[in-house]
Amino acid sequence: MVKNWAKRFREGREDVSDDPRSGRPISILTVENIECVRQVIEDDPHSTYEDVIVKTDLSRGTIEPIIHDNLKMRKVVSRWVAHQLTDEQKQKRLQIYRQNLEKFRNGTWQLCDIITGDETWIYHRQIGRKSSNSTWVGENEPPRTIYNITCAIKLP
C-alpha cells in the first residue's frame with residue numbers, strides 16, 4: 001500500500017484524496033430522498049419501514065438515518081382509550097376515592113375496597129395489534145391517542 005502511494009507521488013500526484021469512481025454513490029442521503037421519505041410518512045403515519053422501502057425503492061440502511069437523523073422522527077405506539085368517562089362517572093369515581101381515603105385514614109380500609117370493575121364492551125371490529133397502532137411522530141410531538149367509541153356496544 002505504501003509502495004503504491006510512493007509511486008503515485010513520484011509520478012506527480014499531489015493530492016491524497018480518493019479518485020472519482022463510477023457506480024453507486026457512497027451516500028444517497030439527498031434532498032430528494034429525504035423529501036420522498038417525508039412524503040410517505042406524512043401520507044401514512046402508520047407506515048412501517050417495509051412500506052417506506054417499497055414506496056421509495058431505498059434500502060433500510062438509507063431510510064433509518066433519514067427518518068431518525070434528518071427528519072428527527074421516532075416510532076411510538078399510540079395509546080388506546082376504550083371510552084371516555086362522562087361527568088357523572090367521573091364524579092362517582094371521585095366519591096369512591098374519597099370514601100376509600102377516609103377508610104384508610106380511619107384504619108378500616110381493606111384490599112377488597114379498591115378492586116374495581118367496568119361494563120363489558122364488545123367491539124364489532126378488531127382494534128388492531130399494538131404494532132398497527134404505532135405511528136411516526138416528530139421530535140417534540142406527543143404520541144397520538146386512539147379513541148374508539150363508535151364501534152362498541154355495552155352489555156349490562
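The values are calculated or read from the model by the stated rules, or taken from the named source; none is laboratory data. The model shown is predicted, which means the values in this text are computed figures rather than measured ones. FYI the Cβ positions are ideal-geometry reconstructions off the backbone, even for glycines, and counts take in every protein chain you see.
A few remarks follow.
- Exactly one residue out of Arg129, Arg125, Arg105 is more than 30 Å from Asp43 (Cβ to Cβ) and either modelled with pLDDT under 70 or exposed (fewer than 11 other Cβ atoms within 10 Å of the Cβ) (or both), and it is Arg105.
- Of the residues examined, Glu32 is not one that is under 22 Å from Gly138 (Cα atoms) and surrounded by 10 or more Cβ atoms within 10 Å (Cβ to Cβ).
Let's see how each residue does on (1) at pLDDT 85 or above; (2) over 30 Å from the mean Cα position of the chain (by Cα); (3) farther than 28 Å from His68 by Cβ:
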| residue | (1), (2), (3) |
| --- | --- |
| Val2 | no, yes, yes |
| Ala6 | no, yes, yes |
| Arg10 | yes, yes, yes |
| Pro20 | no, yes, yes |
| Ile34 | yes, no, no |
| Gln39 | yes, no, no |
| Asp43 | yes, no, no |
| Asp51 | yes, no, no |
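- Residue pairs meeting the criteria (Cβ under 8 Å; at least 6 apart or on separate chains; first surrounded by 14 or more Cβ atoms within 10 Å (Cβ to Cβ), in segment 47-66; second among the basic types (Lys, Arg)): Ser47/Lys55; Ile53/Arg60
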